[in-house]
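Participant: For reference, the structure I am asking about is given below.
Throughout, read-outs are computed from the coordinates displayed, never taken from laboratory work. Remember, predicted model here, so these are calculated numbers, not experimental data. Here the Cβ positions follow ideal geometry from the backbone for every residue, glycine too, while neighbour counts run over all protein chains shown.
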Amino acid sequence: MNRMEPPKRFSADVVRKHEGEEDKRQSGPLNETARQVAAQFRRDTMSPVMVSGLLRIVEVMLLFISGMVLFLAYVGFGPGLDVHYCIATATASLMAVIILDVADCYQLPAMIRPGSSLTRIVLVWAGTLAFVAVVGFFLKLADDFSRVWFAGWFVAGLVLLVVPRVILSWLIRKWARNGRMERRAVIVGGGKVAETLIRSIEQQPYNDIRICGIFDDRDDRRSPPLVAGYPKLGTVGELVEFARIARIDMLIVSLPLTAEGRVLSLLKQLWVLPVDIRLSAHANQLQFRPRSYSYIGSVPLLDIFDKPINDWDSVAKRIFDIVFSLLGLVVLSPVMLATAVAIKLDSKGPVFFRQKRHGFNNEVIEVYKFRSMYVEQADPTAIRPVTKGDPRVTRVGRFIRRTSIDELPQFYNALVGSLSLVGPRPHAIAAQSHNLLYNEVVDGYFARHRVKPGVTGWAQINGWRGEMDTDEKIKMRTEYDLYYIENWSLWFDLKILFLTPLRLLNTENAY
């Protein structure tokens, strides 16, 4: 077999700028069969990554708590003893879980079959306590520790490492049967290549992949309507709509690397979705570096796109949103109260204005704002954008729009989860530029919706806020939004959040 350096991974820019691909197929309505299948997968699932992460946290806590309970029950407090025991217990607990991780005891096969990792668990726990004992000996602290406590903690820790895993194994099997814990995959491309891929995946023991169907642009003569028992549900354009209804985790493109033009054409349509996109490598003769691959069992896949802000990243971002949203609502409550009073005194009508906008995965969400227009001239659809000196805007409305005070109620949206504090700003579902919807102006516009939209964003603090009266402004805002998605981190969110008040002083485009 030929071996070579792996090619540069396809980036969003490569896909967006690729020329010479087939005519772009727009996402269309699903056929009845595809819609019924998609409806079966509307419910969210539990990620194996999240389950294994929670198991790590639980085991650290169980080991630490059991060690401290035995210390209190048998040894009791003494001068300096509580500190020594606390440090030793915390260190050993954390160290054991880290080594168990290195020993692959948190992988899905090990969680499903705890008996297969029993020897490793015993060796890791015994080795960890032996290491702690040796360190205590060299630090001349061994005499401070009770032998009975040490032996008791070894037995208790071993029980607490094994029994929860047996229970978890039963739960995982139950979740797998009822579809609560699985990775849902769609095969892109049919025919013999897809059949070989599906057979290979099905042969892998203890894999968590649920194949939901096949999508292919080719007709039934070149791509059979049924492959390895799975139906062809539609075209690639229809897959975009399917993936927005169903909670799909992964798209596997079953095309050879030699079909570069067709692969890029598919990716151009699919990269807007918040899913992992993989290119099947099981039938390719070229061999790349191991880091280029991810695996389903032993089936190799080339990683093209990863779902942004996924698993524990999404947990961290949600905690970030809750903490800072609550803080913002408390700190800004005097400003919000004063704004509400001013709006009521200035013009008749409600204080708040609700508008439907595009949210995560292109779903429609309802966003709250302070009302800045006269009630009878309000435009919830935003078909007609607000311009400088717009007569529809009230006197108070002009001020709160320039200063973005009208957006403050969206802290509530961020608190309940329909928005994030930081992310691409959501646009009204009918927002237009020169009688064209934004997605008709910018190719790949909906890729902004791969993450939850935000109260503020990278584009806004870089001057792309307010009126979007030219195609160039829409394109630049989209570019900044895509940069944020591809470079997200909590530090990036924190930077944007704290720069927002300073950048709002520039009211050039805010009317």
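Participant: Please give the charge dipole size of region 48-178, origin at the Cα centre, charges +1 on K and R Cβ atoms and -1 on D and E Cβ atoms. Round to the nearest 20 debye.
Facilitator: Working: 9 positive and 6 negative charges, 124 e Å.
Dipole magnitude for region 48-178 comes out near 600 debye.
Participant: Once you charge only the Cβ atoms, +1 for Lys and Arg and -1 for Asp and Glu, what is the size of the charge dipole of region 118-220 about its Cα centre, to the nearest 20 debye?
Facilitator: Details: 14 positive and 10 negative charges, 82 e Å.
In total the dipole reaches around 400 debye.
Participant: Under 8 Å for C-alpha pairs, at least 6 residues apart: give me the relative contact order for region 312-503, rounded to a whole percent.
Facilitator: Details: 288 pairs, mean separation 41.5, N = 192.
With pairs under 8 Å counted, the relative contact order is 22 percent.
Participant: Further question: Given the options G136, N178, G152, identify the residue whose Cα lies farthest towards the positive end of the charge dipole of region 48-178 (+1 on Cβ of Lys, Arg; -1 on Cβ of Asp, Glu).
Facilitator: With unit charges placed on the Cβ atoms, the residue in question is N178.
Participant: Say the cut-off is 22 Å between C-alpha atoms; which of K174/K317; K307/K452; K174/K307; K369/K495 go over it? Provide the component values of the computation, followed by the final result.
Facilitator: Numbers: K174/K317 30 Å; K307/K452 12 Å; K174/K307 26 Å; K369/K495 24 Å.
Where the Cα-Cα span goes over 22 Å, the pairs concerned are K174/K317; K174/K307; K369/K495.
Participant: What is the mean projected area of the alpha carbon convex hull for region 199-273, to one decimal in square nanometres?
Facilitator: Result: 5.6 nm².
Participant: A follow-up question, please. Determine one quarter of the surface area of the Cα convex hull of region 48-178, which equals its mean projected area, and express it in nm² to one decimal.
Facilitator: 7.9 nm²
Participant: Using the Cβ atoms and a cut-off under 14 Å, what net charge is assigned to the surroundings of T45, where Lys and Arg are +1 and Asp and Glu are -1? Don't skip to the answer; put the middle values down first.
Facilitator: On the way: positive: R42, R43, K174, R177, R180, R183, R184, R210, R247, K307; negative: D44, E182, D208, D249, D276, D311.
Its environment carries a net charge of +4.
Participant: For region 312-503, would you read off the P(r) tail past 26 Å as a percentage of all alpha carbon pairs?
Facilitator: On the way: 5312 of 18336 pairs.
Result: 29 percent of Cα pairs exceed 26 Å.
Participant: Moving on. Ranked highest first by average number of other Cβ atoms within 10 Å, how do 199-207, 161-169 line up? Before the final figure, lay out each step's value.
Facilitator: Working: 199-207: 14.6, 161-169: 16.3.
Top to bottom by mean Cβ count within 10 Å: 161-169, 199-207.
Participant: From the backbone phi of region 52-60, what are the Karplus-calculated ³J(HN,Hα) couplings (6.51 cos²θ - 1.76 cosθ + 1.60, θ = phi - 60°) in whole Hz, Gly and Pro given as x?
Facilitator: 5, x, 5, 4, 4, 4, 4, 5, 4
Participant: Compute the Kirkwood hydrodynamic radius of region 313-379, taking the inverse of the mean of 1/r over all pairs of distinct Cα atoms, and give it in Å to one decimal. Can you show the working numbers first?
Facilitator: Numbers: mean 1/r = 0.0702 Å⁻¹.
14.2 Å is the Kirkwood radius here.
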